[in-house]
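The values are calculated or read from the model by the stated rules, or taken from the named source; none is laboratory data. Note that the structure is predicted; figures quoted are calculated from it, not measured. Ideal geometry is used to build each Cβ from the backbone, glycine not excepted, and the neighbour counts take in all protein chains shown.
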Amino acid sequence: MTYDCDILVVGSGAGGGTFAAACARAGKEVLLLERGRLMLADPLNHDEQATLLDKIPYDDRPVVVNGTVRRLYIGGVVGGSTALFGAALLRPSRDDFHPGRHYGRRLPRSLWDWPIDYDILEPYYTQAEQLYGVSGSMDDEFGPLAKPRQGFPRQPMPLHPINQRLAAANRAHGLQPFRLPLAIDPARCQLCPACPGYLCPHQARQSSGLVVERVMADGHRLRLLSYWEAERLERGPAGKVVGVQARDRASGASATFRARRYVLAAGAIGSPVLLLRSGIEGELIGRHYMPHLAPIVVGLFSRSIEAETAFVKQLGFSDYYFGTRTRPEKLGLIQSLPVPGPRMLAQAAPRWLRAGLVGYLRPRMLPLAGIVEDLPQPTNRVDLGPDGQPRLRHRFAPYDWERGRRLTRLMARILRRAGARWCIGKPFPSEEHVAHQCGTLRFGRQPDHAVLDPDCRLFGHPNVFVVDGSFFPTSLGVGPALTIMANALRVADVVVREV
């Protein structure tokens, strides 16, 4: 067979872009297919209407979510969601790899332990932090979350005054706030208030798209085809995957690309959909879809705190990661958020809240978000509708909602200690906001309870791997990006040795 490349990667997000770059640097010939456009800087100049309301840099595929057609807030450009994310790259707790210790009978015995532990991923976490230039403070206490052994590559940016107040007030009550490890270059950052959700105009916020661009600029054999969509995996007479059929979205031209290894990184929705469209089916493919439950609390202060004009997504709290003294149930992480723009805020606010009042409140508000680890449920799944389009069914379990409500009360307490006069809580924002989705092609030791083996190889298909968040068996209590990147580097070592 004639091959077009050694390794073909579908999707350029946290997993695909990181994996492709690592393989190319190891001397392999890599072809990277990305259905989104190449948009590494910010041509929209932080246009809130174009970016967040019209969703120009977001995925343009309609997805039927619980019976209603939606356009989801998933990155739709080279770099995937890393082109638009908040850049918080946190290591999880060691215990996150042994969820049975905290959930017990709420999980089947096969999920009590991941097929790999923290120590296996630890050197790859270090590589990923170096690759993305993570800034953070080793002087901070991260509680149960792991810290780099060798320190962070960059020092953090100074805290905004309101974050200094938030940290000091809560330290006085025994909490240990820490500066979020961020994939942001302080030398380039202009501290824009509209940071997460937008393409960075200064390329200070790192993304897998920028990583790919650097590798290509260094002359490695990495070829990027943007605005090309992988439509199905071509299979030979024995069922082995022998190619990827793809379409140029600009011209409509089609082509089949052949490689020695095929790697899926199209996301927790896109990767199972691609397998199903290719006739690769299994009881677990597409099941156990998990997006974090992300309650939000907005603290309202009596005077302007100027958070709406500055970069304020800087603080994290892990004090309640494994619960409280009276309720030792895992709750997850708390982290600060930027103040929403006026249009987004007006859209989310109740109709009775006049535009003038929204403008009055914005300078006085500070949001916090929780990250509650939702447990896998087989009824939460991705599949294909009768028309062949992606279909998503998802409902949080009562146990998830209960922990979300508890974390909401704790977030309000944190804000009030810093002087917030009122706190407004909001549950999971909307069905269009899918936070940290994962789990639909989980890995494990046996094919009766997993889709992938411990090396993230598709059971029954030795030349197909998956390196996006689909591989998670449980969703952790922190954002998945750094773990996806670290695992992509681990799997890259496996594939490089085989090719």
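Would you confirm, using the coordinates I've provided, whether Arg395 is of a type in the set (Lys, Arg), outside any helix (DSSP H, G or I) and touching a Ser or Thr at 6+ places or on another chain (Cβ under 8 Å)? Please lay out each step first, then the result.
On the way: of a type in the set (Lys, Arg): yes; outside any helix (DSSP H, G or I): yes; touching a Ser or Thr at 6+ places or on another chain (Cβ under 8 Å): yes.
For Arg395, the condition - of a type in the set (Lys, Arg), outside any helix (DSSP H, G or I) and touching a Ser or Thr at 6+ places or on another chain (Cβ under 8 Å) - is met.
Restricting attention to the stretch 153-173, and to residues there that are under 22 Å from the mean Cα position of the chain (by Cα) and within 26 Å of Val339 (Cβ to Cβ), which single residue is surrounded by the most Cβ atoms within 10 Å (Cβ to Cβ)?
Taking the stretch 153-173 first, the residues under 22 Å from the mean Cα position of the chain (by Cα) are 153-154, 156.
Filter once more, keeping what is within 26 Å of Val339 (Cβ to Cβ): 154, 156.
Details: Arg154: 18, Pro156: 20.
Checked the stretch 153-173; the qualifying residue surrounded by the most Cβ atoms within 10 Å (Cβ to Cβ) is Pro156.
Is the stretch 229-242 home to any residue that is in contact with a His (Cβ under 7 Å, 6 or more places away or on another chain) and closer than 21 Å to Arg61 by Cα? No: zero hits.
When Met365, Met411 are screened for being hydrophobic (A, V, I, L, M, F, W, C), under 21 Å from Gln176 (Cβ atoms), touching a residue at least 40 places away in the same chain (Cβ under 8 Å) and crowded, with 21+ Cβ neighbours inside 10 Å, only Met411 passes. When Arg94, Arg101 are checked against the criterion of being free of Cβ contacts under 8 Å to residues at least 24 places away in the same chain, over 21 Å from Asp493 (Cβ atoms) and out of contact with any Ser or Thr (no Cβ under 6 Å at 6 or more places or on another chain), Arg101 stands alone in meeting it.
State yes or no: is Met157 among the aliphatic types (A, V, I, L, M) and touching a Lys or Arg at 6+ places or on another chain (Cβ under 7 Å)? When the stated conditions are applied, Met157 does not pass them. Residue pairs whose Cβ atoms lie under 8 Å apart, separated by 6 or more positions or on different chains, with the first residue in the stretch 264-286 and of a type outside the set (A, V, I, L, M, F, W, C) and the second assigned to a helix (DSSP H, G or I) and surrounded by fewer than 20 Cβ atoms within 10 Å (Cβ to Cβ), are Gly286/Leu276. Residues in the stretch 52-72 that are surrounded by fewer than 16 Cβ atoms within 10 Å (Cβ to Cβ), assigned to a loop (DSSP other than H, G, I, E, B) and without any contact (Cβ under 8 Å) to a residue 24 or more places away in the chain: Asp54, Asp60, Gly67.
Among residues of the stretch 190-205 that are under 11 Å from Gly341 (Cβ atoms), those with a Cβ under 8 angstrom from a residue that is modelled with pLDDT of 90 or more and surrounded by fewer than 20 Cβ atoms within 10 Å (Cβ to Cβ), sequence gap 6+ or separate chain, pair up as Pro193/Thr309; Pro193/Ala310; Gly197/Tyr73; Tyr198/Cys192.
Could you pull out every one of the helices (runs of 4 or more DSSP H) wholly within the stretch 73-180 that has 2 or more residues that are in contact with a Phe, Trp or Tyr (Cβ under 8 Å, 6 or more places away or on another chain), of a type outside the set (A, V, I, L, M, F, W, C) and on the phi < 0 side of the Ramachandran plot? First the steps, then the outcome.
Working: elements: 100-103, 118-131, 161-171.
Ranges flagged: 100-103, 118-131.
Among the residues of the stretch 288-317, the one identified as surrounded by 23 or more Cβ atoms within 10 Å (Cβ to Cβ) and of a type in the set (S, T, N, Q) is Gln314. Within the stretch 9-36, being under 20 Å from the mean Cα position of the chain (by Cα) and either assigned to a loop (DSSP other than H, G, I, E, B) or modelled with pLDDT under 95 (or both) holds for Gly11, Ser12, Gly13, Arg35, Gly36. When Leu410 is tested against (1) hydrophobic (A, V, I, L, M, F, W, C); (2) in contact with a Phe, Trp or Tyr (Cβ under 6 Å, 6 or more places away or on another chain); (3) under 30 Å from Arg260 (Cβ atoms), just one condition goes unmet, and that condition is (3). For Ser137, the conditions (1) of a type in the set (S, T, N, Q); (2) touching a helix residue (DSSP H, G or I) at 6+ places or on another chain (Cβ under 9 Å); (3) at pLDDT 95 or above are fulfilled apart from (2).
The condition (being farther than 26 Å from Leu111 by Cβ and at pLDDT 95 or above) is satisfied by just one residue among Arg343, Arg381, Arg364, Arg354: Arg364. Being part of a helix (DSSP H, G or I) and small (Gly, Ala, Ser) is the filter; apply it to the stretch 464-499 and report the residue that is surrounded by the most Cβ atoms within 10 Å (Cβ to Cβ). Among those residues, the one meeting the criterion is Ser470. Among the candidates Ala246, Ala266, the residue that is closer than 17 Å to Asp468 by Cβ, of a type in the set (Gly, Ala, Ser) and surrounded by 20 or more Cβ atoms within 10 Å (Cβ to Cβ) is uniquely Ala266.
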